[in-house]
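The values are calculated or read from the model by the stated rules, or taken from the named source; none is laboratory data. Bear in mind the structure is a predicted one, so any value in this text is a computation, not a measurement. Neighbour counts are summed over all protein chains in view; Cβ atoms, including those assigned to glycine, are modelled from backbone coordinates with ideal geometry.
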Amino acid sequence: MKWLSELEDLLSSIIRGKTREIRLAIVALLSKGHLLIEDVPGVGKTTLALALARATDCSFQRIQFTSDLLPSDILGVHIYNQEKREFEFNPGPVFANIVLADEINRTNPRTQSALLEAMNERKVSIDRTTYRLPLPFMVIATQNPIEYHGTFPLPESQLDRFMLHMRIGYPEYEDEKQALREMSDFEAIEKITPVVTKEQILNAQEEVKGVHIDDSIYDYILQIVRETRKNDAIRLGVSTRGAQFLVMASKGMAYLRGRDFVVPDDVRELAPMVLGHRIILKTRTYIRDAEDAIREITEKVPVPV
């Protein structure tokens, strides 16, 4: 689609030299998934999230996660209206199409868990009342490495809600030099004109669901997932939800590449980012090592012809 290439070009003009990371972000959007970006401060995590939000004609809210943030600060609260003599719901920032959870691991696990229902079911329950979230709905979370001061590790249940986990990484020399010349990332973001409407995103998400996956590709995905459950280096393997997310993300990648069917290369490319943060290693728990373990598994599992 024309708007997909326009969206990719627009984001590439803001985040230079990160074509792969930009495509992963778009895949998450197309696949109705949530995105977790982890890296050291100052490499463009928040910039990418803001640019993606500004490039779409969707409502956007940013939540700055801090140690004193409360669940009600995210979801909203009921406030008593003295004139009407009744409680009225005051929605929180989670009621937006794209929600940026900035530095999500700077707050405690109790507050982090406030997003679980929203991310999984696109709704929130407050005081025994359920409220539907606007569609499309996507959470883009950023976090600093867990060894940094003032961070809380995300619970496995929270990590499992993110379809994709990725790192931005340092830019190449020429791209970083260009960034030094411009020194205006956030000014450029403010000037972004949306290139895609909410309706186009919803239509694309429905079309992604119709992307064909051959039965041999389902077997390929299941073999990778089951290998994580019996691997000697892995203490906790990938759940069924992880396999479902890999199917959805592979469809999104195929759609982004202009195909109406999934090929093994889609699965191989996405498996480390979709499955890596869902496993727990017996010796070390850094996500980078986990992604390497998934890559080793994909190299061992026979590729369907």
- request: Select, from 260, 265, the only residue that is surrounded by fewer than 23 Cβ atoms within 10 Å (Cβ to Cβ) and free of Cβ contacts under 8 Å to residues at least 12 places away in the same chain.
  value: 265
message: Any residue that is more than 26 Å from residue 14 (Cα to Cα) and charged (D, E, K, R) - is there at least one of those in region 187-207?
response: yes
- request: Only strands (runs of 3 or more DSSP E) wholly contained in region 93-147 count here; list those with 1 or more residues that are of a type outside the set (S, T, N, Q) and within 16 Å of the chain's Cα centre (by Cα).
  value: 98-102, 138-143
message: Between 216, 184, which is in contact with a Pro (Cβ under 8 Å, 6 or more places away or on another chain), loosely packed, with under 15 Cβ neighbours inside 10 Å and either at pLDDT 95 or above or closer than 27 Å to residue 51 by Cβ (or both)?
response: 216
- request: Might you check whether a residue that is touching a Gly at 6+ places or on another chain (Cβ under 6 Å), among the small types (Gly, Ala, Ser) and either within 14 Å of residue 61 (Cβ to Cβ) or touching a residue at least 24 places away in the same chain (Cβ under 8 Å) (or both) occurs anywhere in region 90-104?
  value: yes
query: Which condition number does residue 197 fail, the rest of (1) surrounded by 14 or more Cβ atoms within 10 Å (Cβ to Cβ); (2) modelled with pLDDT under 95 being met?
result: (1)
- prompt: Given the conditions (1) surrounded by 14 or more Cβ atoms within 10 Å (Cβ to Cβ); (2) within 23 Å of residue 38 (Cα to Cα), which single one is not true for residue 255?
  reply: (2)
- prompt: Which residues, taken from region 16-55, are free of Cβ contacts under 8 Å to residues at least 60 places away in the same chain and touching a helix residue (DSSP H, G or I) at 6+ places or on another chain (Cβ under 8 Å)?
  reply: 19, 22
statement: Picked from region 56-81 (must be of a type in the set (A, V, I, L, M, F, W, C) and either part of a strand (DSSP E or B) or without any contact (Cβ under 8 Å) to a residue 24 or more places away in the chain (or both)), the residue surrounded by the most Cβ atoms within 10 Å (Cβ to Cβ) is 63
- request: Identify all residues within region 2-15 that are touching a residue at least 12 places away in the same chain (Cβ under 8 Å) and either closer than 10 Å to residue 166 by Cβ or loosely packed, with under 15 Cβ neighbours inside 10 Å (or both); write none if there are none.
  value: 6, 13
task: Tell me which of these residue 91 doesn't satisfy, since it passes every other one: (1) crowded, with 23+ Cβ neighbours inside 10 Å; (2) modelled with pLDDT of 90 or more; (3) out of contact with any Pro (no Cβ under 9 Å at 6 or more places or on another chain).
output: (1)
statement: All conditions in (1) farther than 28 Å from residue 145 by Cα; (2) touching a His at 6+ places or on another chain (Cβ under 7 Å) are true of residue 273 except (1)
message: I'm told residue 232 meets every condition in (1) at pLDDT below 95; (2) acidic (Asp, Glu); (3) buried (at least 22 other Cβ atoms within 10 Å of the Cβ) except one. Can you identify the failing condition by its number?
response: (3)
field: Single condition residue 117 does not satisfy, out of (1) exposed (fewer than 14 other Cβ atoms within 10 Å of the Cβ); (2) at pLDDT 85 or above
entry: (1)
